[in-house]
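The values are calculated or read from the model by the stated rules, or taken from the named source; none is laboratory data. Only a predicted model underlies this, so the values are computations on that prediction, with no experimental measurement involved. Virtual Cβ from ideal backbone geometry, glycine too; neighbours counted across all protein chains shown. Accessible surface areas use protein heavy atoms only, side chains included; no ligands, DNA or RNA. Shrake-Rupley method; radii C 1.70, N 1.55, O 1.52, S 1.80 Å.
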Amino acid sequence: MASRRFLAVASANTRRSRLFDDGSHALFAGQRPGIIEPPVQMFHNGLRVGSPKARFNALETYDRVSGTRSYPLTAVNLVANFHYRLTYQQANGGSAPLGTSVIVTPSYRTENGLCLIPAASHCELVTGAAERYQVVSRGLFASGAQVTSRSAFPAPVVGESRAMLTIGFAAPAGIRLAGGAPFVGNDRFRLLTLSSMFSSATVFDANLLRYEGADGVIRTFALKDATPRAAHLFPRPVALGSWFELIKTPGSTWFPDSPSLRVAIVDAAGLRLGLQGFLAATKNANHDSLSVWLEWPAAPAVISAATVFTARYILTCGKGAAAGTLAAVRALTATTP
C-alpha cells in the first residue's frame, strides 16, 4: 500500500498508457510510485494491455468539465491493492486532492491477524457497454477465499463523483475466524472499509463520522484530539441503517479541499450490518490512521465451505457533507454526544 504522500503527487509522475478517450473522459493504465503490492496484468475489452510482461498498479480516470477544455483527475483505482481513491471536479476546471480511500473487498480476521486485502490477480476494463465504463478486479486470499470487485462510474458533475460498486465473496473451503475477546462480534469480518487520516483537530482528511442507525435516526461521531488512539471508536459495532459517511469539515490545513465520502448500502447480501472504526496510534499525516468499516457482527466462528455472497453499494464523493448541508451537520454535532 502506498503512503498518502505518494498518492497526492501529480499524475505527471506516473508512467501511463492511454486505454480510452472519447472526448468526454479518458482512461490510463499507470505505474504510480510507492505502492508495495505487485502490479498486475490489465485487459481492455478482453485484450491484454501492453506486452505480455506489462504490469500496472493503477487505473486513472480524467473527466471533462462541462463547458470547458479541462480534463481533471476524478478517480484512481489502485488495482494492485483494491483501494479506490475518488475525487471531484472543481468549478475552476481542476480536481480536488485525493484523500480518503475505499477498500473494495471484504476483510476478515483469523488467529494469525487481519487479512485486509487479497492478492490481486488481474484487472479488466470494459468500455462501450451500457455504463460509461466498468472496472473488474479479482483477487485471492491465502485462505483460498476469492473476491471480485466490479465498479461502474457515472459521469461526474462539478462537486460530486460517484461509483456503483458490487463486491462478490466466495469461500471454497472453510475459514476459521479469530475467537475470544474482543473479536467475537467485533472487528472479525468487514464487508467494506474506508481508510482515511486523522492526525489532529487541524490535520485530517476526515473528522466526522455520520450515519443512519438501524432505527432510522441519524447520528454523528466527531473525532477530536482527545479521542482515544489505538482503540476502536465504539465498544461494539453500532447497528447500521442504509448509509454512512466520513466527512471532512472545514479547519484542516492538510489538503483542505480533499473529499468527504458517503457509502449507501443498496444490497447487504441479507446480512445485518454494524458500523465500527479504529483510530491508530500514529499521528503521521502520511499514514492511514483512521479506518471505518461495515462489520458483520453475527459472523460465525467458521465461514463454511461454499459460502458465497454479493453486496452492492453506491459511493459518493464531494466537498464537505456528502448528504445534507454543513449547517445541518454542525447542528447534529452540537446535539449528539
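Give me the one-decimal Kirkwood hydrodynamic radius in Å for the range 191-257, with the sum taken over alpha-carbon pairs.
Taking every pair of different Cα atoms in the range 191-257, averaging 1/r and inverting gives 13.0 Å.
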Per-residue HN-Hα couplings for the range 286-302 [Karplus 6.51, -1.76, 1.60; θ = phi - 60°; Hz; x = Gly/Pro]: 8, 10, 7, 8, 10, 10, 9, 8, 7, 9, 9, x, 8, 4, x, 4, 10
Signed unit charges on C-beta, dipole axis of the range 180-296, positive-most listed residue T249, F221, A231: A231
Given the peptides 268-276, 217-225, 188-196, arrange them by the average over their residues of other C-beta atoms within 10 Å, most packed first. 188-196, 268-276, 217-225
Charge-dipole axis of the chain as Lys and Arg at +1 and Asp and Glu at -1 on Cβ define it, positive-most pick from G318, A80, P33: P33
The range 21-113 - Debye-derived log10 I(q)/I(0), Cα point model, q = 0.13 Å⁻¹: -0.55
Take every Cα pair under 8 Å in the chain that's 6+ residues apart, average their separations, divide by the length, and report that relative contact order as a whole percent. 16 percent
For K224, counting only lysines whose alpha-carbon sits under 23 Å away and dropping same-chain residues fewer than eight positions off, the answer is K248, K283, K319
Selection from I303, F153, F20, by position along the positive dipole direction of the chain (Cβ): F20
Residue by residue through the range 30-47, the couplings from Karplus 6.51 cos²θ - 1.76 cosθ + 1.60 with θ = phi - 60°, in Hz, x for Gly and Pro, are x, 10, 6, x, x, 8, 7, 6, x, x, 10, 5, 10, 10, 10, 6, x, 9
Going residue by residue through the range 165-178, the Karplus relation 6.51 cos²θ - 1.76 cosθ + 1.60 with θ = phi - 60° gives ³J(HN,Hα) values, rounded to whole Hz and with x marking Gly or Pro, of 10, 10, 10, x, 10, 9, 10, x, 10, x, 10, 7, 8, 4
Among all stretches of the chain without exposed GluC sites (Glu not before Pro) (DSSP loop, at most 14 other Cβ atoms within 10 Å), which one is longest? 132-337
Row for the range 120-208, column shape: gyration tensor on C-alpha, a ≥ b ≥ c, rounded if a/c < 1.5 i.e. under 1.5, prolate if a/b over b/c, else oblate; value oblate
Ratio of alpha-carbon Rg to the 2.2 N^0.38 Å globular estimate for the chain, to two decimals, please. 0.96
Approximate spin-label separation T310-A230, in nm, with each point projected 7 Å along Cα-to-Cβ: 4.3 nm
Return the long-range amide H neighbours of L73 (sequence gap of 5 or more, or a different chain), with a cut-off of under 5 Å between placed amide H atoms. S95
To the nearest 20 debye, the chain has a Cα-centred charge dipole, built from +1 on Lys and Arg Cβ and -1 on Asp and Glu Cβ, of 420 debye
In a solvent-free Debye calculation with one equal scatterer on each Cα, what is log10 I(q)/I(0) for the range 208-310 at q = 0.23 Å⁻¹, listed in the order of the q values? -1.34
Tell me what the chain gives for mean residue ellipticity at 222 nm when only DSSP H runs of n ≥ 4 count, each as -39,500 (n - 2.57), the sum divided by the residue total, rounded to 500 deg cm²/dmol. -1000 deg cm²/dmol
SASA check, K283, accessible area w/ 1.4 Å probe, all protein chains in place, rounded to nearest 10 Å², comes out at 120 Å²
